[in-house]
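Here is the structure we will look at.
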Amino acid sequence: MKLLILFLGYFMFLAFGILCLSLTVILCLLLSFSKRGFSVRSFGTGTHVKLPGPAPDKPNVYDFKTTYDQMYNDLLRKDKELYTQNGILHMLDRNKRIKPRPERFQNCKDLFDLILTCEERVYDQVVEDLNSREQETCQPVHVVNVDIQDNHEEATLGAFLICELCQCIQHTEDMENEIDELLQEFEEKSGRTFLHTVCFY
């Protein structure tokens, strides 16, 4: 079984990936998953990579071909103090040790059993992309969203929630028949709404 949470990761028999736009959420999820032994790959869904800039309306925008090393050196040159303080340089330093550059989900042809997103807009992009692809194998892929706000506290709580959900899914005997009930339990437990749809490869 392959599970994708956008990010993206692989564990046991599950291929797993997570997609979200928030750097705070991404950092918390990466830490949380790595502490639980999950291997995580991250993807973006936009047309460019956007990193926080000196103001909310002035992000740093990069092409997906730009390496993490190039982004790191660019931000180091622009304002070392700002990008050290907000954790962006640390994140880029970590990322460049994992892979050379960001990856775009729409360019990924790997098959997954489950895709988790952390923002409804990303969920919509993923579902739209999967539905626009030519069906070849008719293998189902479950796409699930739980919104996580872009602040440290919410990102931390969201990371624990998603990790717990993934562990439960990993231990199901029949994900196809158990996922709806499991998501309902998590909705009741967390007070958060989960979106869920099935697409086909």
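Throughout, read-outs are computed from the coordinates displayed, never taken from laboratory work. The structure displayed is predicted, hence computed values, not measured ones. In this analysis, Cβ positions are derived from the backbone assuming ideal geometry, glycine residues included, and neighbour counts consider all displayed protein chains.
For Asp113, the residues 5 or more places off, or on other chains, whose built amide H falls under 5 Å of its own are Lys2, Leu3, Leu4, Ala15.
Count Lys and Arg as plus one, Asp and Glu as minus one, and take only other residues whose Cβ is under 12 Å from that of Leu89; the net charge is then 0.
The calculated FRET efficiency for the pair Asn177 and Asp57, based on their C-beta separation and a Förster distance of 41 Å, comes to about 0.30. Over the range 48-158, Cα pairs under 8 Å with separation of 6+ residues give a relative contact order of 20 percent.
Hey, with R₀ at 22 Å, roughly what FRET efficiency would Arg97 and Leu157 work out to, going by the Cβ-Cβ distance, to 0.05? Working from the Cβ atoms, E equals 0.20. Between Thr66 and Lys189, the distance separating the two model label sites (each 7 Å from Cα on the Cα→Cβ line) works out to 3.9 nm.
Gain on full extension, evaluated as 0.36 nm per residue between Asn73 and Asp129 minus their Cα-Cα distance, stands at 16.9 nm.
Taking 0.36 nm per residue of separation and subtracting the Cα-Cα distance, full extension of the segment from His90 to Cys138 would add 13.2 nm.
Between His48 and Arg121, the simple label model (points 7 Å from Cα in the Cβ direction) yields a spacing of 1.4 nm.
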